[in-house]
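One structure is given below, encoded as C-alpha cells.
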Amino acid sequence: MTVIETAQPEAATTGALSGEAYRVAMRRWLGANLPASFRSDHAAFSPPTLQQSIAWEAAMYRAGLAGITWPQAYGGHGRTLREHLIANQEIGALAMPESVNSIGKELAGPIILAVGTEEQKRRFLPAILEMRDIWCQGFSEPEAGSDLAGLRTRATRNGDTWRINGQKIWTSGAYRAQRCLVLARTGPLEDRHRGLAMFAVRLDAKGVRVRPIKSIDGRESFCEVFFDDVEVLQSDALGAPDEGWTAAIRVLEIERATNRMYRSWRFENELRHLISACKSDPVLAQMVAERHYEARLGEIVVDIEVLKAHVETAVDALANGDSIGARGSLAKLHWSEAHQRFAALALELLAQASLPPLAAVQLARRRFEAIYLQARAETIYAGTTEIQLGIIADRILQLSKGK
Amino acid sequence: MNLTGEGLQPSEFAVTAARAVADCAALSLREQAKHLANDGLLGVIAAQDVGGLDLPLAFAVPVVAAAGSGLLGFPLMEALLLGRALQASLPRAAEAVVAGEMLATIAWQGSVSAEREAESVVLNGWVGRAACAEEADALLVRIGNCAALVPTDSEGVIVEEATGLDLTVPEHTVRLQGVTIPATSGLPESSWDVLCSDASVLRAAAILGSAEACLTLAQEHASTRRQFGRALSYNQAIRHALARQKLGLEGIRHAITRSVGDEAGALQRDAAFLAAGVYGSAISEGALQIHGGMGFTWDVPLHRHLRRVRALQAQGDASATLAALGRRYVGAIAAADAAVSG
C-alpha cells in the first residue's frame, strides 16, 4: 500500500489555507493519493480490503479530510462548516469507497462532542479519526425499528458498573467494529423516550455476540448484535440517562442534514461516469444523443442541482447560527428518492449496450448494479421515507392530528 | 434606501411587493403600472440612470414571487427585465417602463426576420406567448440572438388572442407584416440569451409564489375541513401528500437561491426553472386534489395558480429547456476509453 507513506506531510501545510486555496490543496492531495484500484470508475478497480480502507481513511485524516470541524484539542482540524463543505465537494467528485467508519465520524463523534465528558472526548475522538476505533450504531431492535422509543435492551446499574441485556439489529459493520454506540433503557418500557441512555460498548467485551446478515447486494454488511449480561463501566456511559438521548436527538437532526455531505457531488461523479461509459458504446452513444434520453438525463441533473441547493442552504443556515430543526428530513427524502430514480435510469441505459460488451460498459454495469441494489436501502435507513414524511407533516407543517 | 444593495436584503422587498400586489387587485393595467412604479418595484434591477435601483437579480425574486402569490394581473417579470434590457440602447424607453408610463411586454415564443433598409429595419414573422400584448404600448420581439422593441401601434402589427390557460395574465400571438422600425430600436448581440436566462430565475420565482399560496390553502383546508368526524389532516394519506408538497416547495426555494449565487451559471438557472415547473405543477395539482370538489370550482383560487404555473412552464419552453440542458451536459463529457476506462 502506497497510500500510507505518501500521506504524511500535507496536513501541516494546509493549516493556513482557506476558501479556494483550501479546495485546490484538498483536490491535489486526493488526486495524488487516491489509488486507482479504489476508484469504481477505473479499469483497475478492485474493492479495498478492510485494512486498506483503514489505512486510506487514516491517511485522509492526516491530510485534513476527516474531523474537519472537530476541535483541535480532540484531534480535529478546527475548520468551519463551509470548509467541511468544500472538502466534501472534492471527496464527492471522485469515485471513492464509502467510509468504513462513518458511524464513528458522523454519529458517535458528534454525540460524544455534545454530551461526552472531557475524559471521554480525549479517549474516544482521536481514536475515531486515526481509525484505531471503528464504531457501529446499536439503536434499532427487532421490535423497535422506526419507533425507537419502543426499544427493549436494558441497562441496569450497580455502583460504577452497568449490565446490558438485549439485542440489536441492522447494525451496519458490527463485524469490523471495535465499539458500538448502544441505546438502552434504564427504566420500564412504559417510559418510552424517558430513561434511555447511551453507552460506548466494546464489541470484544464478554457477552457480546455478532451475527452477520447477508444483504441484497450479496454482502454481509449489517449484523445482529446480542448483549448477554455485558459489563460496561460508568466511564463508558455517554451523558446521563434522558439527557444523553435528548442531546443525541439534536445531533441526529444536524447529522441528517449534513452527513455524507459529499453525496450530491458523488451522484454527479456517478452521472458523469454513466455518460462517459455510454458515449464509448456505439449504440448507447447514439441513444444519449436522442431527445428522450437527453431529457431523462436532464431530469437527473436537475435532481442533483436541487440536492446541492438543499445541502448548501442547510450549511448556510447552520453557519449563520440558525437551528436546523426537522429540515434535514427534506434533504434526506429528496436524495434517497432521487438516487433511486437515477440508478434505475442507469440500469435501463446500460442494459441496451452493444455486443460484445466493452470493458468500459462492463465496469459501469458493475458499479451501477451495486448502486441500484444499495439504493433500495436508502429510503429505509436513517428513517424511512414514511418516517421522514411524518416528520415533515408533524414538525415543519405542524398539521393538526387531533379530532 | 441604499441604492447599491449593500446592507439591503432581497427579503426586505417581499413585504412591500405583497402590499403593492394586493393594492393592484381592483386597478386597470395602466393604473397598476403607475402604482407598482411608485413603490419602486418596476426598476428593481434597472440602472439608476433610468430611474431604477440597480440591484442584482436576486432582489427581483421576492417581488415576482409576491406577484405570483397574489395573482397579480400585470406582466411584472417583463417590465422588470425590460427596464434593464433597454437601459443601454433605448434609455428613454427603459425610463418610461420603470416609471410605469409605458406598458411593455415580451413575446417569448418565435422569432422574426429583419431586413435592413437604410436607417430602418423591416420585420416579418409570427411571435407568441406575449403577456398582455393587446394593451401594451411596445413589444420586444426576438431576432436571432438579438431583439428589437416594436411599438404595437406600428403599421403591420396585428395582435391576436391566443388560447392559453392563464386568465390572470393573458397571452397573445402577434403577427408582424412588414413592420418598419428605426434601426436604433435593436438591442445588442446576445441580449436575447441574457433575457431568457434571467427569465428562467424569475419564472421560477413566480411559480414559487403560486406554489406557496397553493400549499397554504391546502394546509388550511386540511386542518379545517372535517370528514368522518375528524379534520382531513388526521389522515396519513393527506399528511404525507402535504409533506411531499412541502419538500417540492423548499426544493424550488433553495434552487432559486442557488441560481442567484456567486458561482451560478446557466445550468443553475435552468435547473431552478425546471424544478419549479415540476414541483410547482405537482403542488398546485395536489392542492386542488386535497380540496376535493371545491378545488374544481371557480370560487377557490387554486385553478388560477395552476393555470399560471402551467402557462409559465410553457412560456419558458420547459420541455425543450430540459432536453437542451441534458444535451449540453452529455456533450461536455468525454467518452470513456472503450477498452481501458479511467
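For a Förster distance of 30 Å, can you work out the FRET efficiency between the beta-carbons of A:Arg211 and B:Glu263, rounded to the nearest 0.05?
Numbers: r = 49 Å, r/R0 = 1.62.
E between A:Arg211 and B:Glu263, to the nearest 0.05, is 0.05.
For chain B, calculate the relative contact order in percent as a whole number, restricting contacts to Cα pairs under 8 Å that are 6 or more residues apart. Walk me through the numbers before you get to the answer.
On the way: 646 pairs, mean separation 49.1, N = 342.
Taking the mean separation of contacting Cα pairs over the length of chain B, I get 14 percent.
How many angstrom lie between the C-alpha centres of the range A:290-345 and the range B:67-89?
Each part reduced to its Cα centre gives a spacing of 30 Å.
Need one number: nm distance between label points at B:Ser154 and A:Thr117, each 7 Å from Cα along Cα→Cβ, rounded to one decimal.
Output for this residue pair reads 8.4 nm.
Please arrange A:Met287, A:Met261 by how many other C-beta atoms lie within 10 Å of their C-beta, fewest to most.
Details: A:Met287 16, A:Met261 23.
Fewest to most other Cβ atoms nearby, the residues stand as A:Met287, A:Met261.
Which residues in the range A:37-60 have a backbone N closer than 15 Å to a point placed 7 Å from the Cα of A:Leu373 along the Cα-to-Cβ line?
A:47
By a straight-distance test (C-alpha under 12 Å), which aspartates and glutamates pair with A:Lys206 as possible cross-link partners, with residues fewer than eight away in the same chain excluded?
A:Lys206 reaches A:Asp228, A:Asp229, A:Glu231.
For A:Gln352 and B:Ser197, what is the calculated FRET efficiency with R₀ set at 45 Å and r taken between the beta-carbons, to the nearest 0.05? Can you show the working numbers first?
Values: r = 34 Å, r/R0 = 0.76.
The calculated FRET efficiency here is 0.85.
Just going by the charge dipole of the range B:135-251, with Lys and Arg at +1 and Asp and Glu at -1 on Cβ, which of B:Val169, B:Leu247, B:Ser210 is farthest out on the positive end?
Result: B:Leu247, furthest along the dipole toward the positive end.
Regarding the range B:104-188, what are the three Cα extents along the principal axes, ordered largest first, in Å?
42, 24, 18
Can you find, among B:Ala136, B:Ile333, B:Phe228, the residue farthest towards the positive end of the dipole of the protein assembly as shown? Put +1 on the C-beta of Lys and Arg, -1 on that of Asp and Glu.
B:Phe228
May I ask which of A:Lys214/A:Lys279; A:Lys121/B:Lys246; A:Lys332/A:Lys401; A:Lys168/B:Lys246; A:Lys105/A:Lys168; A:Lys308/B:Lys34 have a Cα-Cα span longer than 31 Å here? Numbers along the way, then the final one.
Working: A:Lys214/A:Lys279 35 Å; A:Lys121/B:Lys246 39 Å; A:Lys332/A:Lys401 24 Å; A:Lys168/B:Lys246 34 Å; A:Lys105/A:Lys168 21 Å; A:Lys308/B:Lys34 40 Å.
A:Lys214/A:Lys279; A:Lys121/B:Lys246; A:Lys168/B:Lys246; A:Lys308/B:Lys34, as the Cα separations exceed 31 Å there.
Looking only at chymotrypsin sites (Phe, Trp or Tyr not before Pro) in DSSP loops with at most 12 other Cβ atoms within 10 Å, what is the longest site-free stretch of chain B?
On the way: sites that count: B:Phe228, B:Trp298.
The longest such stretch corresponds to B:1-227.
Counting other Cβ atoms within 10 Å, keep those with at most 16, restrict to DSSP loop, and tell me which GluC sites (Glu not before Pro) in the range B:247-330 are left.
Passing sites in the range B:247-330 are B:Glu263.
Compute the separation of the alpha-carbon centres of the range A:20-71 and the range B:98-156 and state it in Å as a whole number.
57
Starting from the 7 Å offset along Cα-to-Cβ, what nm value, one decimal, do you get for the label separation of B:Arg19 and A:Asp191?
Between B:Arg19 and A:Asp191, the simple spin-label model gives 5.5 nm.
Reported to two decimal places, what Rg/Rh ratio describes chain B when computed on Cα atoms with Rh from the Kirkwood expression?
Numbers: Rg = 21.2 Å, Rh = 21.0 Å.
Here the Rg-to-Rh quotient is 1.01.
What percentages, rounded to whole numbers, describe P(r) for the range B:192-331 computed over all alpha carbon pairs with 10 Å bin width beginning at zero?
13, 39, 28, 15, 5, 1
Based on other C-beta atoms within 10 Å, arrange B:Asp23, B:Asp198 from fewest to most.
Values: B:Asp23 16, B:Asp198 20.
Ranked by crowding around the Cβ, least crowded first: B:Asp23, B:Asp198.
Take the alpha carbon gyration tensor of the range A:135-241, find the square roots of its eigenvalues, order them as a ≥ b ≥ c, and report rounded if a/c is under 1.5; if not, report prolate when a/b exceeds b/c, else oblate.
On the way: a/c = 2.22, a/b = 1.38, b/c = 1.60.
Oblate, since a/c reaches 1.5 and b/c is not below a/b.
Test of understanding: express the Cα radius of gyration of the protein assembly as shown as a ratio to 2.2 N^0.38 Å, with N the residue count. Mind showing how you got there, number by number?
Values: Rg = 29.2 Å, N = 745, 2.2 N^0.38 = 27.2 Å.
With N residues counted in the protein assembly as shown, Rg over 2.2 N^0.38 Å equals 1.08.
Taking the beta-carbon count within 10 Å as an exposure proxy, list B:Thr180, B:Thr152 from fewest neighbours to most. Before the final figure, lay out each step's value.
Numbers: B:Thr180 14, B:Thr152 21.
Lowest to highest Cβ neighbour count: B:Thr180, B:Thr152.
No value in this document is a laboratory result; all are computed from the given coordinates. Since the structure is predicted, the reported quantities are computational estimates derived from the model, not experimental observations. FYI the Cβ positions are ideal-geometry reconstructions off the backbone, even for glycines, and counts take in every protein chain you see.
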